[in-house]
1. Can you tell me which residue is nearest to residue 209 (Cα to Cα) among those in the stretch 55-88 that are open to solvent by 20 Å² or more (accessible area, probe 1.4 Å) and in contact with a Gly (Cβ under 6 Å, 6 or more places away or on another chain)?
2. Which of the residues spanning the stretch 98-127 are under 18 Å from residue 323 (Cβ atoms) and in contact with an Asp or Glu (Cβ under 7 Å, 6 or more places away or on another chain)?
3. For the stretch 89-176, give me every one of the helices (runs of 4 or more DSSP H) that falls completely inside it and has 2 or more residues that are open to solvent by less than 10 Å² (accessible area, probe 1.4 Å).
4. Taking residue 307, is it touching a residue at least 60 places away in the same chain (Cβ under 8 Å), in a helix (DSSP H, G or I) and farther than 27 Å from residue 91 by Cβ?
5. Is it true that residue 184 is surrounded by fewer than 18 Cβ atoms within 10 Å (Cβ to Cβ) and of a type in the set (Asp, Glu)?
6. Can you tell me which residue among 216, 189 is open to solvent by 10 Å² or more (accessible area, probe 1.4 Å) and over 22 Å from residue 293 (Cβ atoms)?
7. What about residue 210, is it crowded, with 21+ Cβ neighbours inside 10 Å, modelled with pLDDT of 95 or more and in contact with a Cys (Cβ under 6 Å, 6 or more places away or on another chain)?
8. Can you name the residue in the stretch 325-344 that is in contact (Cβ under 8 Å) with a residue 40 or more places away in the chain and part of a helix (DSSP H, G or I) and, of all such residues, is nearest to residue 21 (Cα to Cα)?
Amino acid sequence: MKFARRLDLVPPYLFAELERKIEDKRKAGVDVISLGIGDPDLPAPGAVVEEMQRQVARPETHRYPSNRGLAPFREAVAGFYAERFGATLDPETEILPVLGGKEGVAHLALVCLEEGDVCLAPEPGYPPFTSGPVFAGADVHYLSLREEHGFTPDFDAVPAAMWNRANLLFLNYPNNPTGAVAPDDLFARAVELAREHQLIVVHDSSYSEIAFEGYRPPGFLATPGAKEVGVEVFSLSKGWNMTGWRVGWLAGNAEVVERYRQLKTNLDSGMFDALQLAAVAALTAARDFPAEMSEIYRRRRDLMIEALAAIGLRASPPKATPYVWVRVPDAYSSAGFTELVLEEAAVVVSPGPSFGPSGEGYVRISLTVADEHLEEAARRIASSLRVEATA
């Protein structure tokens, strides 16, 4: 059989590989603790689940949905943006449901890029920032996120030739995998560069509602001029513990939103109406739920940072996201350290280079497991390092 070559142009998806390793270990009877995948261990808000149950029981929700989305869904999103970010959105033309942030990011690449174009993609970063453009036939120019620059892109280092070919710029703050937050001028600079070089900005805002100690991550669309040049992808996955629900939206520039709708009408039939109405409950009845989850993740963050420091692993406490970005011991590569803790401690972490070459020397630890499992994982990692030191 002959298959399309595009699947050979990208590495196996990181989290699919992690799931395979975990399954293999567990089949062998090993008690694996996974700190690799950012999948919340706690349930979605009760009000959201109850609304979903009510809506699923209504036969009218079982028909084909519209790709535009229900008016109550779009209006709830507009209300959320006004209250949370001070951003004004037209629910008729500037908001569209997407089947989770991953789908939104990947399909935007098909909307905005074609052969010969360049996508400016941050790395280390969310893998679809790279795979989406590759599947679209475009080239990717990495924006390396370095610790010495606060894990923000150095726009001044982008060659003029890349700016001339670029048609898409991805941003993601609070950042996955580093946990970095956007400096005050980052979004304004992105808007300025987009105007100068006639490119589209896509901000992945999947982690804006998980933040600590009073920090309130800013929204890209609240930046003056942002709607003229770009859009934001938002997901309920992390803030509302709804990863499996696949509920998010695209918001911002009306032309990009409409082009995205045109693509979607040729690829799928929209988001289940019951899901959209449950999302309304998330944004209204369960509006404060992310604050509760943030406090849980703050406690877990502090637990993990303290445990890592006790064994000499350096990590700065992130101001947002359910992740800790950890520098591995000097004697190890990211892959070597990941293999060590998997084989010796039965703990899974995400190797930094899986998010891009600048991730070498780091691993990402997810806080989406119960406190007692985090404590046990830290104890196992410490034991494995002690074994190595005495071997």
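The values are calculated or read from the model by the stated rules, or taken from the named source; none is laboratory data. Fair warning: this is a prediction, and the values are worked out from it, not measured in the lab. Cβ sites come from the backbone with ideal geometry, for glycine too, and all protein chains shown count toward neighbours. Side chains are part of the model used for accessible areas, which takes the heavy atoms of the whole protein and leaves out ligands, DNA and RNA. Shrake-Rupley method; radii C 1.70, N 1.55, O 1.52, S 1.80 Å.
1. Only one residue tops the list, namely 85.
2. Of everything in the stretch 98-127, those that are under 18 Å from residue 323 (Cβ atoms) and in contact with an Asp or Glu (Cβ under 7 Å, 6 or more places away or on another chain) turn out to be 101, 105, 126.
3. Numbers: elements: 101-112, 128-135, 160-165.
Hits in the stretch 89-176: 101-112, 128-135.
4. On the way: touching a residue at least 60 places away in the same chain (Cβ under 8 Å): yes; in a helix (DSSP H, G or I): yes; farther than 27 Å from residue 91 by Cβ: yes.
Taking the combined requirement at face value, the residue satisfies it.
5. Values: surrounded by fewer than 18 Cβ atoms within 10 Å (Cβ to Cβ): yes; of a type in the set (Asp, Glu): yes.
So residue 184 passes the test.
6. On the way: 216 fails: over 22 Å from residue 293 (Cβ atoms).
The unique qualifying residue is 189.
7. Numbers: crowded, with 21+ Cβ neighbours inside 10 Å: yes; modelled with pLDDT of 95 or more: yes; in contact with a Cys (Cβ under 6 Å, 6 or more places away or on another chain): no.
It is false that residue 210 is crowded, with 21+ Cβ neighbours inside 10 Å, modelled with pLDDT of 95 or more and in contact with a Cys (Cβ under 6 Å, 6 or more places away or on another chain).
8. Checking each candidate, the answer is 342.
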